[in-house]
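The numbers here are math on the coordinates, done by the rules we state, and not lab data. All figures in this text were calculated on a predicted structure; none of them were measured in a lab. Using ideal geometry, Cβ is built from the backbone for each residue, glycine included, and neighbour counts are taken over all protein chains shown.
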């Protein structure tokens, strides 16, 4: 039985995505990093969010019997792992305070979780709307 996602969970998902991304981006904007460093961290965030949405979609497609090639599925997972690795290596080598490194990590993970939840909720609600 499929039902529409509750407004509370939809709101919490969008809030997690927004707070994670905005917190990360505001901290990045206000940092004293060089512009190329800011570009790196911005790209890692966008790449990670895209990768997580792609993983969620491809996993869901496979569960529903929709065709997803093994190559695309592997690229989705590789991209997810790669974006997290890039952030980890970048922060490990950065001359930031440990609290700043922790904030970037927390914001990044919150943004990724929010992206997955928003994608899942959107997909669930579209499926329910089609059946109505």
Looking only at the range 78-106, count every residue that is part of a helix (DSSP H, G or I) and surrounded by 15 or more Cβ atoms within 10 Å (Cβ to Cβ) and tell me the total. 13
One residue is enough: does the range 26-48 have a residue meeting the conditions at positive phi and surrounded by fewer than 16 Cβ atoms within 10 Å (Cβ to Cβ)? no
Please specify each residue of the range 1-30 satisfying the condition of being part of a loop (DSSP other than H, G, I, E, B) and either touching a residue at least 40 places away in the same chain (Cβ under 8 Å) or in contact with a strand residue (DSSP E or B) (Cβ under 9 Å, 6 or more places away or on another chain) (or both). 2, 3, 4, 5
For the range 60-77, how many residues meet the condition of being over 18 Å from residue 50 (Cβ atoms), under 21 Å from the mean Cα position of the chain (by Cα) and part of a loop (DSSP other than H, G, I, E, B)? 0
